[in-house]
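Here the structure comes first, spelled out in structure tokens, and everything after it is commentary.
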Amino acid sequence: MLQKTTGIVLHSLKYSDTSTIVDIYTRHFGRVSFMVRMRKTKKASLKSAIFQPLTLLEIEMDHRPNSNLQYMREVKLLYPFKSVPFEPAKTAIALYLAEFLYRAVKEESENIPLFTYLQHSIVWLDEQSTGYTNFHLVFLMRLSRFLGIYPNLEDYSPGDYFDLRNASFTSQKPFHPDHIEEEEALRLSRIMRMNYDTMHLFKMSREDRNRCLEVINQYYRVHIPELPVLKSQSVLQELFG
């Protein structure tokens with residue numbers, strides 16, 4: 001059945017000389033894998049360029065609910081990027097977040113609030129010229145709400161630890177290793193108070209920002225055990241140090 005939807009490119013993998021498998025998070029069907037035919041023509045080469053990480057697309061697809069691979073009838077840009085592919089820092093963010101979403105978001109059903117959050121975040125990043133160095137940290141922590149693992153931040157008191165397993169602050173040091181100490185717990189509580197419009201007001205050093213990213217990734221791996229250490233993380237940490 002022919003269906004129209006919008007989507008966000010997460011990952012692409014060359015399958016053969018003429019085919020690529022593209023994983024896309026769609027508005028109406030959740031995560032979908034597409035087999036895309038790539039003919040060696042000028043038109044096809046231009047088409048392949050749109051399957052870059054976090055690209056927003058309009059898709060007409062031949063939707064087959066019981067098939068692992070779907071096929072596109074037509075695809076075009078929903079939102080042409082102004083800066084993400086052309087600025088190294090934003091490109092690094094896009095590569096990292098696309099890899100993170102590819103590994104962490106597995107649902108194959110409609111989740112419009114999550115899709116709306118992702119689309120808004122991507123466009124926001126593309127439109128900013130300054131003040132986005134903490135973007136990936138805020139994005140990841142707010143993403144946890146849509147994945148059902150948002151931490152409990154209501155009971156924080158100065159000097160508390162943060163228990164990664166129980167997703168909450170505690171005055172008693174946990175006996176297991178999945179926790180962070182008082183100073184890092186304080187930084188985490190600050191990140192959770194940030195949003196895209198205010199995050200530029202929170203100043204962090206290279207070491208603090210990199211450590212926050214490590215802690216956030218550790219938190220996700222506790223709650224999503226199959227989430228690996230991401231290859232693109234080291235590149236992002238170098239650029240935003």
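The values are calculated or read from the model by the stated rules, or taken from the named source; none is laboratory data. Note that the structure is predicted; figures quoted are calculated from it, not measured. Note that we place each Cβ from the backbone using ideal geometry, even for glycine, and neighbour counts take in every protein chain shown. SASA here: full protein model, heavy atoms, side chains in, ligands and nucleic acids out. Shrake-Rupley method; radii C 1.70, N 1.55, O 1.52, S 1.80 Å.
Just to be sure, is V229 on the phi < 0 side of the Ramachandran plot and touching a strand residue (DSSP E or B) at 6+ places or on another chain (Cβ under 8 Å)? No; evaluated as a whole, the condition is false for this residue. I'd like to know if region 230-241 contains one or more residues that are modelled with pLDDT of 85 or more, open to solvent by 50 Å² or more (accessible area, probe 1.4 Å) and either small (G, A, S) or out of contact with any helix residue (DSSP H, G or I) (no Cβ under 7 Å at 6 or more places or on another chain) (or both). Checking region 230-241: not a single residue is modelled with pLDDT of 85 or more, open to solvent by 50 Å² or more (accessible area, probe 1.4 Å) and either small (G, A, S) or out of contact with any helix residue (DSSP H, G or I) (no Cβ under 7 Å at 6 or more places or on another chain) (or both). Among the residues of region 14-27, not one is farther than 15 Å from V75 by Cα and within 18 Å of the chain's Cα centre (by Cα).
Checking the stated criteria, V105 turns out to be touching a helix residue (DSSP H, G or I) at 6+ places or on another chain (Cβ under 8 Å) and within 14 Å of L54 (Cα to Cα).
With respect to the conditions (1) surrounded by 14 or more Cβ atoms within 10 Å (Cβ to Cβ); (2) within 26 Å of S83 (Cα to Cα); (3) among the hydroxyl-bearing types (S, T, Y), Y220 falls short on a single one, namely (2). Tallying residues that are part of a strand (DSSP E or B) and loosely packed, with under 14 Cβ neighbours inside 10 Å within region 61-71 yields 2. Between P85, P53, the distinction of being closer than 17 Å to S232 by Cβ, open to solvent by 60 Å² or more (accessible area, probe 1.4 Å) and in contact (Cβ under 8 Å) with a residue 24 or more places away in the chain belongs to P85 only.
Applying the criterion of being in contact with a Phe, Trp or Tyr (Cβ under 9 Å, 6 or more places away or on another chain) and at pLDDT below 90 to the residues of region 195-209, the residue that is least open to solvent (accessible area, probe 1.4 Å) is R209. Of the residues making up region 151-167, those that are out of contact with any His (no Cβ under 7 Å at 6 or more places or on another chain) and open to solvent by less than 30 Å² (accessible area, probe 1.4 Å) number 3.
Whenever a residue of region 13-40 is aromatic (F, W, Y), its partners that are outside any strand (DSSP E or B) and open to solvent by 30 Å² or more (accessible area, probe 1.4 Å), lying with C-beta atoms within less than 8 angstrom and at least six residues away or across chains, give the pairs F29/H63; F29/E108; F29/S109; F29/E110; F34/L69. Residue count for region 102-132 under the criterion of being closer than 27 Å to F202 by Cα, in a loop (DSSP other than H, G, I, E, B) and open to solvent by less than 60 Å² (accessible area, probe 1.4 Å): the result is 3. Looking across E58, E74, one residue alone is modelled with pLDDT of 95 or more and surrounded by fewer than 17 Cβ atoms within 10 Å (Cβ to Cβ). It is E58. The sole residue among L239, L201, L188 that is farther than 18 Å from S144 by Cβ and within 19 Å of the chain's Cα centre (by Cα) is L239. Of all the listed residues (R211, R193, R165), the sole one being without any contact (Cβ under 8 Å) to a residue 40 or more places away in the chain and under 26 Å from E99 (Cβ atoms) is R211.
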